[in-house]
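In what follows, a structure is listed as structure tokens, so that the remarks can point back to it.
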Amino acid sequence: MESRLAILAIVVEDLSVTDQMNAVLHEYKDYIIGRMGIPYKAKHVCLVSIAIDAPEETIGALGGKLGRIRGLTVKTAYSRIS
């Protein structure tokens, strides 16, 4: 299966769901290149970016699982590089 590079942008609006988010991310640890989390205390949110190299279906499945967690907003940007 062809691999794609992508970035998942996650806005954690409810900090109580971070354990759920981390459990899902752990399922995909073999595909994750890196992650960065920035707490923004003034707005009581956390901004997380996930760099991933995986088949498109895997990236979509990860985004879907994260998107079903109430309190998270998730968007995915795909690279044109395969």
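The values are calculated or read from the model by the stated rules, or taken from the named source; none is laboratory data. Predicted, not measured: the structure shown is a model, and the values here were computed from it. Here Cβ is always computed from backbone atoms with ideal geometry, including for glycine, and neighbour counts include all displayed protein chains. Ligands, DNA and RNA are excluded from the accessible area calculation, which covers all protein heavy atoms including side chains. Shrake-Rupley method; radii C 1.70, N 1.55, O 1.52, S 1.80 Å.
Here the Karplus relation 6.51 cos²θ - 1.76 cosθ + 1.60, evaluated at θ = phi - 60°, turns the backbone of segment 68-77 into coupling constants of 7, 7, 5, x, 10, 10, 10, 9, 10, 10 Hz, with x for every Gly and Pro. Scan the chain and hand back the longest stretch that contains none of the trypsin sites (Lys or Arg not before Pro) lying in DSSP loops with at most 10 other Cβ atoms within 10 Å. The answer is 1-28.
Only Lys, Arg, Asp and Glu count, each charged at its Cβ (+1, +1, -1, -1), so figure out the dipole size of the chain about its Cα centre, rounded to 20 debye. List each step's numbers first, then the result.
Details: 10 positive and 9 negative charges, 67 e Å.
Once rounded to the nearest 20, the dipole reads 320 debye.
Where the accessible area of the chain is counted over protein heavy atoms with a 1.4 Å probe, how much of it, in %, is carbon and sulfur? Mind dumping the intermediate values first?
On the way: 2930 of 5350 Å².
So the carbon and sulfur contribution to the accessible surface is 55 percent.
Rolling a 1.4 Å probe over the protein heavy atoms gives the chain an accessible area of 65 Å² per residue. Backbone phi angles across segment 36-45, fed through the Karplus curve with coefficients 6.51, -1.76 and 1.60 (θ = phi - 60°), yield HN-Hα couplings of 9, x, 10, x, 10, 5, 4, 10, 6, 9 Hz in residue order; Gly and Pro are listed as x. Segment E27..H44, full-extension length gain: 3.5 nm, with 0.36 nm per residue of separation and the alpha-carbon distance subtracted. In this structure, the amide hydrogen of V45, modeled 1.01 Å from its nitrogen in the peptide plane, lies closer than 5 angstrom to those of Y40, counting only residues at least 5 positions away or on a different chain.
How much of the pair distance distribution for the chain lies past 18 Å, counting alpha-carbon pairs only, in percent? It works out to 36 percent of all Cα pairs.
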